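First comes the structure, then the notes that go with it.
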Amino acid sequence: MKRQQIVAGNWKMNKDYEEGRDLTKGIVDAMQPSDTLVILGTPYIHLMNVSRIIKDISNVHLAAQNCHQEESGAYTGEVSAPMLKSCGVGYVILGHSERRAYFHEDDELIAKKVDAVLANGMQPIYCCGEPLEVREDGKQNELVAEQVKTALFHLSKEDFSKIVIAYEPVWAIGTGKTASPEQAQEMHAHIRKLVREQYDDATADGLSILYGGSVKPGNAKELFSQEDVDGGLIGGASLKAKDFVAIVNSF
Ligand code: PGA
């Protein structure tokens, strides 16, 4: 089965309104037609405008970087899944290691956010990955298995088929230190095996698993050429149109 190849940008807390518009236009203008699904993960303030700019380009979609688990109510400063949906959002990045570290999100909470995103007809990009100490102890497979099970394995097969997983070793995020293609492949194969055991072959073989952590134009090709690596979640390099498009063209 041919899996969907995906390159998703995670702008994090970067770009003011005009800069976000210029970056989006820069990406759209430089992109060649391709089968790769391109996802722009922007701060909330950009969603409406980016959604307008990309609306006629079938392989470019919009992601938010978080959402609240409740549909509405007295949660000052938060944004819900129905609100995102109303802005043209198709994907929501959930469980990013920065949200786990700075906003104390754990997999029980992330499971609720996954449900909210799915209930509103959008697709979660679920991030998992181990910190450096865990890798040094050789316990990364156990930790990632625990994350994936707690956040996702309550889902029905039908709902699980809408999930995208991003494996992002914490020690590789924003550090310039990339997992080797072999390390990425090993973890992606491990995740796919867990999904095969929990669901079935078709679900496991259809799941797109992205690698994230210091992906750049210079290393994307080798990472993406691994059997179980179906694309990337790109932080720093998604902030420059030229670099991001070069990564999209790495397939
Ligand atoms: P990076 O970030 O590409 O800057 O390492 C990746 C991410 O956090 O999604």
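The values are calculated or read from the model by the stated rules, or taken from the named source; none is laboratory data. Predicted, not measured: the structure shown is a model, and the values here were computed from it. For neighbour counting, all protein chains shown are included, and Cβ atoms are generated from backbone atoms with ideal geometry for every residue, glycine included. SASA here: full protein model, heavy atoms, side chains in, ligands and nucleic acids out. Shrake-Rupley method; radii C 1.70, N 1.55, O 1.52, S 1.80 Å.
Within the stretch 201-248, the set of residues being away from the ligand (no atom under 12 Å from the Cβ), among the polar types (S, T, N, Q) and farther than 29 Å from Lys157 by Cβ comprises just one member, Ser225. Here are Lys177, Lys193: which of them is modelled with pLDDT under 95, out of contact with any Cys (no Cβ under 8 Å at 6 or more places or on another chain) and among the basic types (Lys, Arg)? Sole residue among the options that is modelled with pLDDT under 95, out of contact with any Cys (no Cβ under 8 Å at 6 or more places or on another chain) and among the basic types (Lys, Arg): Lys177. Remark: Val148 matches the filter, which requires a residue to be part of a helix (DSSP H, G or I) and either at pLDDT 95 or above or polar (S, T, N, Q) (or both). For the stretch 148-193, the tally of residues that are at positive phi and either of a type in the set (Ser, Thr, Tyr) or under 17 Å from the mean Cα position of the chain (by Cα) (or both) stands at 1. Per the listing Tyr102, Tyr126, the residue uniquely out of contact with any helix residue (DSSP H, G or I) (no Cβ under 8 Å at 6 or more places or on another chain) and at pLDDT 95 or above is Tyr102.
Residues in the stretch 75-94 that are within 14 Å of the ligand (Cβ to nearest atom) and over 15 Å from Tyr167 (Cβ atoms) were compared, and the one that is surrounded by the most Cβ atoms within 10 Å (Cβ to Cβ) is Val92.
Against the list (1) in contact with a strand residue (DSSP E or B) (Cβ under 6 Å, 6 or more places away or on another chain); (2) surrounded by 22 or more Cβ atoms within 10 Å (Cβ to Cβ), the condition Gly213 fails is (1).
Yes/no matrix, rows are residues, columns are (1) touching a strand residue (DSSP E or B) at 6+ places or on another chain (Cβ under 8 Å); (2) closer than 22 Å to Leu37 by Cβ; (3) assigned to a helix (DSSP H, G or I):
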| residue | (1), (2), (3) |
| --- | --- |
| Asp115 | no, no, yes |
| Ile125 | yes, yes, no |
| Val134 | no, no, yes |
| Glu158 | no, yes, yes |
| Ile165 | yes, yes, no |
| Arg192 | yes, yes, yes |
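Kindly check whether there is at least one residue in the stretch 95-105 that is open to solvent by 10 Å² or more (accessible area, probe 1.4 Å), assigned to a helix (DSSP H, G or I), closer than 23 Å to Asp16 by Cβ and touching a Leu at 6+ places or on another chain (Cβ under 7 Å). Checked against the condition, which is being open to solvent by 10 Å² or more (accessible area, probe 1.4 Å), assigned to a helix (DSSP H, G or I), closer than 23 Å to Asp16 by Cβ and touching a Leu at 6+ places or on another chain (Cβ under 7 Å), the stretch 95-105 yields no hits at all. Within the stretch 129-180, the set of residues being within 15 Å of the ligand (Cβ to nearest atom) and open to solvent by 60 Å² or more (accessible area, probe 1.4 Å) comprises Leu132, Gly174, Thr175, Lys177.
Leu210 passes every criterion in (1) in a strand (DSSP E or B); (2) touching a Lys or Arg at 6+ places or on another chain (Cβ under 8 Å) apart from (2).
Of all the listed residues (Val117, Val60), the sole one being surrounded by 15 or more Cβ atoms within 10 Å (Cβ to Cβ), over 17 Å from Leu152 (Cα atoms) and more than 16 Å from the ligand (Cβ to nearest atom) is Val60. Remark: pairs (first residue in the stretch 207-235, within 14 Å of Ser180 (Cα to Cα) and of a type in the set (Lys, Arg); second residue open to solvent by less than 10 Å² (accessible area, probe 1.4 Å) and within 15 Å of the ligand (Cβ to nearest atom); Cβ separation under 8 Å; 6+ apart in sequence or on different chains) = Lys216/Ile247.
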